[in-house]
Amino acid sequence: MQTKWNILVVVIFMYLPVSIDATILYVAAPLLSIQLQATHNQLLWIMDIYPLIMAALLLPMGALGDRIGYKKLAVYGSALFGLASLAAAFAASPAWLIAARALLAVGASMILPATLAAVRRNFPEERDRNLALGVWTAIGTGGALAGPLVGGALLTSFYWGSVFLINVPVVLIVLVLISRMMPDEKSHSHSPINLNQALLLMSAILLLIYSAKTLLHAGNTSILPVYFFLVGIVLLAGFVTLQIFSASPLLDRGLIAQRNIIAGVILAMISMITLVGFELVISQELQFVHNFTPVKAGMYMLPLMLASCVAGPLAAPLITRFGIRPVAITGLAASALSLYALSGTDFVSQRGTAWTWMILLGAGDTLALMASSSAIMTAAPASKAGSAGSIEGMSYELGTGFGITLFGTVLAAVYSSNVRLPAGLPDEVSSSAAASFSEAVEASRLLDLTSREQLLSAASAAFMRSHSVTLEAASLLLALLMLLTFFIFKPDRAMRRD
């Protein structure tokens, strides 16, 4: 008979490649822009199609898990994840890679609720469940933070597709572990899957994201994105209406009516937006501005990853002792302060300072995310663990997708408004160089050495300005969330030891 701790080991192996894949492409962006000739917008889509598709499908996959059992859901999801990884590894164009990443997200959307359901059902005691959730949170945040490091290490010796190919042997191991160590289950639910509502939500999100990126792109004069934005709003309103009046809504009204679950969703989503957004900023700056290699860029972010991994398990006893709200507020305060300090830090000349604030950021954000996990999963009954896990995962993935979109778009917008290109550049070079730093780097290859250096100097100065503005805005967002958390979280004395 397998123990719950053996099952936790399987959960770790299942969840780790899913979390790593959310950010593993950060350090591969320069190579993709060259080898696949991907534009800045295409790079953003390659990165954020994965969390956005996953977020939309997590809810029906959670309901499917409650119906067929999390073991079967884990098997199906892992197998699909492996096949999609093969497709992504051999992509020959940006469109192909975007499609493969979308398929990868479908598999991941099955794996994630299966991991949380396994934790919820096999750890009925509060103390052990908080510890297991701490490990789960550390794997989620630590894996996402480790993505650039893993990607950098692979790109040092192999081609860019190796960042996906590495998933295949891991998936094979996971399938063996699932079959041997996870218990079989009986059906716990007969609720509808509601795939149509999930597709409606997914369409609304993608249209809104597409229109936002296009409207803020430098030089865009088309009216079409405005129509797409309006259609996205209509679809989103239709989705919300269905959740209110439908006899079988995608969102479990019994779960989302609970105050701490709603608070946990908001906390997780905004925390992930800022964490992933910061990682996007620093990975691009290190490579584009400071000419770090992929592996050096990944190593630079190691303190952030280690702090997150350590803070996850340590958060569990803190929540048990003090409760959810104090831990969440403490984590948000630490994260907000860190981002504000990092907004004015030079990552090269002030490495020690940068690493100190990155450690505090990793620990603080993980505390906040652990508090959100505990709030959601503790408030949910065991019979709805899959659905609750999907709501939790949806908030994580929406935060990741929105973080890439918001930070990537704001970076490009602030860059475009601040860049001062040298005179005399060809029109096609000026047009590309004004759009984003990555496109400026690619366009500079068409120039002579002197003009190239002038262009890259101007682009670097504009990017550094966008670095400061973006991180300051993220710090303000977390400070506002900290105030909101104080009022929205219900004090839970049951989470404390007297």
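Rule-based calculations on the coordinates, nothing more; no lab input. Predicted model, so just to flag it, every value in this text is computed and none were measured. Glycine gets a Cβ as well: all are built from the backbone with ideal geometry, and neighbour counts include every protein chain shown.
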Which order do peptides 354-362, 439-447, 56-64 fall in by mean Cβ count within 10 Å, highest first?
56-64, 354-362, 439-447
Modelled label-to-label distance, Val176 and Ser246, 7 Å Cα→beta-carbon offset: nm?
4.1
Taking neighbour Cβ counts within 10 Å as the exposure measure, how do Asp21, Asp252, Asp448 sort from fewest upward?
Asp448, Asp252, Asp21
Footprinting exposure proxy for Asp427, Asp66 (fewest neighbouring C-beta atoms within 10 Å first)
Asp427, Asp66
Whole-Hz ³J(HN,Hα) from phi, Karplus 6.51 cos²θ - 1.76 cosθ + 1.60, for the stretch 99-116, glycine and proline x:
5, 5, 5, 5, 5, 4, 5, 4, x, 5, 5, 8, 5, 4, x, 5, 5, 5
Sort Lys71, Lys296 so that the residue with the fewest other Cβ atoms within 10 Å of its own Cβ comes first and the one with the most comes last.
Lys296, Lys71
Square roots of five times the C-alpha gyration tensor eigenvalues of the chain, ordered largest first and given in whole Å, equal 36, 24, 22
Among 450-461, 303-314, what's the highest-first ranking by average C-beta atoms within 10 angstrom per residue?
303-314, 450-461
Which of the aspartates and glutamates could a cross-linker bridge to Lys296, judged by Cα under 20 Å and excluding same-chain residues fewer than eight apart?
Asp21, Glu279, Glu285, Asp346
Count charges around Ala88 for me, please; just the other residues with Cβ under 12 Å from its Cβ, Lys/Arg as +1, Asp/Glu as -1.
0
If I stretch the segment between Asp184 and Leu302 completely, what's the gain in nm (0.36 nm per residue apart, minus their alpha carbon distance), one decimal?
38.6 nm
In deg cm²/dmol, rounded to 500, what helix-only [θ] at 222 nm does the chain give when every DSSP H run of at least 4 residues adds -39500 (n - 2.57) and the total is split over its residues?
-27000 deg cm²/dmol
Listed peptides 482-488, 329-335 by packing density, highest first (mean Cβ within 10 Å):
329-335, 482-488
Treating only Lys and Arg (+1) and Asp and Glu (-1) as charged, each at its beta carbon, one finds that the chain has a dipole about its Cα centre, in Debye to the nearest 20, of 1300
Could you run the Karplus curve 6.51 cos²θ - 1.76 cosθ + 1.60 with θ = phi - 60° over the stretch 277-291 and give me ³J(HN,Hα) per residue in whole Hz, x for Gly and Pro?
x, 4, 5, 5, 4, 6, 5, 6, 5, 4, 7, 6, 8, 9, 6
For the stretch 31-47, what does the Karplus curve 6.51 cos²θ - 1.76 cosθ + 1.60, with θ = phi - 60°, yield as ³J(HN,Hα) per residue in whole Hz, taken in order and with x for Gly and Pro?
5, 5, 5, 8, 6, 9, 6, 8, 6, 4, 5, 5, 4, 5, 5, 4, 7
About its Cα centre, the stretch 68-211 carries a charge dipole, from +1 on Lys and Arg Cβ atoms and -1 on Asp and Glu Cβ atoms, whose size in debye to the nearest 20 is 140
